[in-house]
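Worksheet: one structure, shown below.
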Amino acid sequence: MTKPFPQTMDFAGFNAPSRIEADIYDLVVEGELPAEIRGHWYRSIPDPQYPPKDGWDTFISGDGMVSLFRFEDGHVDFRQRYVMTERLKRDRAARRGLHGLYRNPYTDEPGFFGESRTASNTTPVFHAGRILAAKEDDRPYELDPNTLATIGPYDFGGALKSLTMTAHCRPDPETGELYFFGYEAGGLASREVAFCIADKTGKLIREEWFEAPFVSLIHDFAVTKEHVIFPLQPVSADLERLKSGGAHWVWDPDQGTQVGIMPRGGSVKDLRWFKGPPSSFFHFLNAYSDGDKVTVDVCASDMIVFPFIQEASGVVANPAEMGGRLARWSFDLSRNEDSWTETVLGPGGDMPRTADKDAMKDYEIAYYQTYDPRNGPPMVSGPVGAGFNTVIRLNVKTGAMKTLSLGPHVTVQEHIHIPSSQPRHEGWLAFVCDLHDENLSEVAVVEAEHLDRGPICRIKIPMRLRCQVHGTWVPAGALPGF
Ligand SMILES: [Fe+2]
């Protein structure tokens, strides 16, 4: 037995840990699942094995769980396994949580300082036939793409020098290259950032380091056909604070927002830094270049949204005054100025996604999620508090918007986009729905172009699926042996 989990937002209700590894063959499907949808949908979920050592922790410290929906000929099979990290193995051996604060090893129990403590819980990155369970505080773990068995820590065959790798890699759909970076690349609270490229075979072909203006939480970055963009939000880390047992991250508005842009064919020595007012952002929808003009679309707000970082920073934020928006940042590299202009494309939200074919290029269609109070009261799911309850399809050229809500007591987890081979078919979105009244989950599949018409099918899950962070769709053709 283990002790009960604390009854806090991070561990209670729909956020209660699941800890269930499972295989479910042939899930019940209500409606018609198009046979063209063939492939694997991987999801990364923080799911703590043990209650927190100190009685309190954040949702996003939870041990990494990866689930797999296998879509084949109208059937769906489900599998879920823990990532067997060094952290989880240590805790299981002790039969209790040994790790302290989020990303602060100085608060751990003694005896393993300096060893990997990542929970590997953020994104299942697929590249060159491999599934890498990534979290930005360390290198990823490689998993078997079919069984989800943990193969072990992955460092590109010993080539990667960076101690960390982002959970937000940027694949170039045309070259097959994987663009990524690692921040705090040289160690805890270091300013070094590594910029890396793996070729389509998975070989690391480039790794260049630079020193960021400050230690920033660089959760995601953007890549166009011509440029690479490193956005630094004013959320900073400090080694002395960590040594004294403090929080890894605090909101640090004096740093402002700083954005580094380099030519994709150049080097980190060419980075040019732009400065703007403080804002917070985690995910970039898309970015593209047109000569000296660089366009970056981002889900932004005026303040960090994570309650545990707000608390550590001594700020009290009113959710209604966060200034959330889907923003377009326009940079003109021909001007001798270090600013950019912002326009608002749509309402606040997150989990932005385009079709893979549209990545890095001028585009029209965006999909993202928002919490709309008109569609129901706040329902807790995930690390921020209220889960999203509305999926948006936005034409960023015209502003035309379609939305979908599935009921006042249903929140939605991040969607994936599944392309179609049919001409002029926009493909599908699939996402896990949290059915709060039933304490169960189901997957909704909608036609991406007509998401406002509602699901064409629902895949029933006979258990509650804790909120994922990110997921990845891998079509059958990219999977060896499918
Ligand atoms: Fe993310």
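The values are calculated or read from the model by the stated rules, or taken from the named source; none is laboratory data. Fair warning: this is a prediction, and the values are worked out from it, not measured in the lab. Cβ: placed from backbone, ideal geometry, glycine included. Neighbour counts: every protein chain shown.
Check off (1) surrounded by fewer than 16 Cβ atoms within 10 Å (Cβ to Cβ); (2) closer than 27 Å to MET303 by Cα for GLN255 and give me the number that stays unchecked.
The one condition GLN255 does not meet is (1).
I need the full set of residues from the range 343-363 which are crowded, with 17+ Cβ neighbours inside 10 Å and in a strand (DSSP E or B), in order please.
Initial filter on the range 343-363 (crowded, with 17+ Cβ neighbours inside 10 Å): 345-355, 358-360, 363.
Scanning the range 343-363 gives LEU345, GLY346, PRO347, ASP350, MET351, PRO352, ARG353.
Do we find that THR175 is away from the ligand (no atom under 16 Å from the Cβ), β-branched (Val, Ile, Thr) and more than 14 Å from the chain's Cα centre (by Cα) in this structure? Explain how you work it out, then say what you get.
Values: away from the ligand (no atom under 16 Å from the Cβ): yes; β-branched (Val, Ile, Thr): yes; more than 14 Å from the chain's Cα centre (by Cα): yes.
Here the answer is yes, as THR175 does meet what is asked.
Can you tell me which of LEU326, LEU285, LEU271 is under 19 Å from TYR183 (Cβ atoms) and touching a residue at least 60 places away in the same chain (Cβ under 8 Å)?
Details: LEU326 fails: under 19 Å from TYR183 (Cβ atoms); LEU285 fails: under 19 Å from TYR183 (Cβ atoms).
Just one listed residue meets the conditions, LEU271.
Could you list, in sequence order, the residues of the range 204-232 that are aromatic (Phe, Trp, Tyr) and either under 26 Å from ASP290 (Cα atoms) or within 16 Å of the ligand (Cβ to nearest atom) (or both)? Spell out the reasoning first.
At the first step, the residues of the range 204-232 found to be aromatic (Phe, Trp, Tyr) are 209-210, 214, 221, 230.
Hits for the range 204-232 are PHE210, PHE221, PHE230.
Out of all the residues in the range 113-134, is one or more without any contact (Cβ under 8 Å) to a residue 12 or more places away in the chain and either more than 15 Å from the ligand (Cβ to nearest atom) or farther than 28 Å from ALA198 by Cβ (or both)? Give the steps one after another, and end with the answer.
Initial filter on the range 113-134 (without any contact (Cβ under 8 Å) to a residue 12 or more places away in the chain): 113-114.
Add one more test, that the residue is either more than 15 Å from the ligand (Cβ to nearest atom) or farther than 28 Å from ALA198 by Cβ (or both), and what stays is 113-114.
Yes, there is a match, as at least one residue in the range 113-134 is without any contact (Cβ under 8 Å) to a residue 12 or more places away in the chain and either more than 15 Å from the ligand (Cβ to nearest atom) or farther than 28 Å from ALA198 by Cβ (or both).
Taking ALA366 as the residue in question, decide whether it is of a type outside the set (Phe, Trp, Tyr), buried (at least 20 other Cβ atoms within 10 Å of the Cβ) and either closer than 16 Å to PRO173 by Cβ or modelled with pLDDT under 95 (or both).
Values: of a type outside the set (Phe, Trp, Tyr): yes; buried (at least 20 other Cβ atoms within 10 Å of the Cβ): yes; either closer than 16 Å to PRO173 by Cβ or modelled with pLDDT under 95 (or both): no.
It is false that ALA366 is of a type outside the set (Phe, Trp, Tyr), buried (at least 20 other Cβ atoms within 10 Å of the Cβ) and either closer than 16 Å to PRO173 by Cβ or modelled with pLDDT under 95 (or both).
Every residue, every condition in (1) within 19 Å of the chain's Cα centre (by Cα); (2) within 23 Å of GLU142 (Cα to Cα), yes or no:
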residue: THR8; (1), (2): no, no
residue: ASN15; (1), (2): yes, no
residue: ILE20; (1), (2): no, yes
residue: GLU32; (1), (2): no, no
residue: SER44; (1), (2): yes, yes
residue: PRO51; (1), (2): no, no
residue: PHE59; (1), (2): yes, yes
residue: TYR82; (1), (2): yes, yes
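Can you name the condition, by its number, that ALA93 falls short on among (1) out of contact with any strand residue (DSSP E or B) (no Cβ under 8 Å at 6 or more places or on another chain); (2) in contact (Cβ under 8 Å) with a residue 24 or more places away in the chain; (3) over 20 Å from GLY246 (Cα atoms)?
Just one mismatch for ALA93, condition (2).
Scan the range 213-235 and give yes if some residue there is surrounded by fewer than 18 Cβ atoms within 10 Å (Cβ to Cβ) and farther than 22 Å from PHE274 by Cα, otherwise no.
No, every residue in the range 213-235 fails to be surrounded by fewer than 18 Cβ atoms within 10 Å (Cβ to Cβ) and farther than 22 Å from PHE274 by Cα.
From the list ALA327, ALA300, which one is within 16 Å of the ligand (Cβ to nearest atom) and either touching a Ser or Thr at 6+ places or on another chain (Cβ under 8 Å) or part of a loop (DSSP other than H, G, I, E, B) (or both)? Give the steps one after another, and end with the answer.
Numbers: ALA327 fails: within 16 Å of the ligand (Cβ to nearest atom).
From the options ALA327, ALA300, the qualifying one is ALA300.
Condition (residue is within 16 Å of the ligand (Cβ to nearest atom), touching a helix residue (DSSP H, G or I) at 6+ places or on another chain (Cβ under 7 Å), under 25 Å from LYS357 (Cβ atoms) and not in a loop (DSSP other than H, G, I, E, B)) applied to the range 266-286: is it met by at least one residue? Before the answer, list the steps.
The initial filter retains those residues of the range 266-286 that are within 16 Å of the ligand (Cβ to nearest atom), namely 280-286.
Narrowing the set further to residues that are touching a helix residue (DSSP H, G or I) at 6+ places or on another chain (Cβ under 7 Å) leaves 286.
Retained after the next criterion (residues that are under 25 Å from LYS357 (Cβ atoms)): 286.
Now restrict to residues that are not in a loop (DSSP other than H, G, I, E, B): 286.
For the range 266-286, residues within 16 Å of the ligand (Cβ to nearest atom), touching a helix residue (DSSP H, G or I) at 6+ places or on another chain (Cβ under 7 Å), under 25 Å from LYS357 (Cβ atoms) and not in a loop (DSSP other than H, G, I, E, B): present.
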